[in-house]
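The values are calculated or read from the model by the stated rules, or taken from the named source; none is laboratory data. Since this is a predicted model, take the numbers as computed values, not measurements. FYI the Cβ positions are ideal-geometry reconstructions off the backbone, even for glycines, and counts take in every protein chain you see. Each accessible area value is taken on the protein alone, full model and side chains, heavy atoms only, with ligands, DNA and RNA left out. Shrake-Rupley method; radii C 1.70, N 1.55, O 1.52, S 1.80 Å.
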Amino acid sequence: ADGDSPYAWPTADGAKPADMVDVEPCPAGTYGTGGTCIACPDGSYNAFSGISYTIDDCIACVQGEFSTGGAQCTPCVEPSWSTPGSASCTLCLLGYAWDVSEEECHACPAGAVCPGGDSMPIPREGYWAPYDS
């Protein structure tokens, strides 16, 4: 019956049913129901406040952006880059190499080729590197 639906409000007389609970809207960057708000997972965002019912309301960040869950994605600072749905910018543009110890991209050193991504510099013929490439 229509009167039994939790969504049939207001009632015919305009009053809120006695068993209906007020629910605080979830803030941007979250989703949930019944007053329980859950942060969007890393690599996604939800820009809207209100009742976002499911994790499907959290949208994956696009390539070149990242998020640690929240109301928006943040652009990567060049020369770093990211794949869609990333929580950080741990890829490098062509001509740069990922430095594992410093966790950032560096310009390709002389005598090497740097294909970008998470690759280390690849020594050209006649050059060497202090690691296995």
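For the reader, a short list of remarks on this structure follows.
- For first residues located in region 92-117 and under 15 Å from Val77 (Cβ atoms) and part of a loop (DSSP other than H, G, I, E, B), partners that are among the acidic types (Asp, Glu) and open to solvent by 70 Å² or more (accessible area, probe 1.4 Å) and lie 6+ apart or on another chain with Cβ distances below 9 Å form the pairs Leu93/Glu78.
- With respect to (1) hydrophobic (A, V, I, L, M, F, W, C); (2) without any contact (Cβ under 8 Å) to a residue 40 or more places away in the chain; (3) surrounded by 15 or more Cβ atoms within 10 Å (Cβ to Cβ), the lone exception for Ile55 is condition (3).
- Residues that are in contact (Cβ under 8 Å) with a residue 40 or more places away in the chain and touching a Pro at 6+ places or on another chain (Cβ under 9 Å) within region 26-50 comprise just one, Gly43.
- Answer from Gly69, Gly64, Gly50 - the residue that is open to solvent by less than 60 Å² (accessible area, probe 1.4 Å), modelled with pLDDT of 95 or more and at positive phi: Gly64
- Those residues of region 1-32 which are open to solvent by 50 Å² or more (accessible area, probe 1.4 Å) and at pLDDT 70 or above, in sequence order: Glu24, Pro25, Pro27
- Restricting attention to region 49-91, the residues being in contact with a strand residue (DSSP E or B) (Cβ under 8 Å, 6 or more places away or on another chain) and either of a type in the set (Ser, Thr, Tyr) or assigned to a loop (DSSP other than H, G, I, E, B) (or both) number 27.
- The listed residue being modelled with pLDDT of 95 or more and surrounded by fewer than 14 Cβ atoms within 10 Å (Cβ to Cβ), out of Gly85, Gly126, Gly95, Gly111: Gly95
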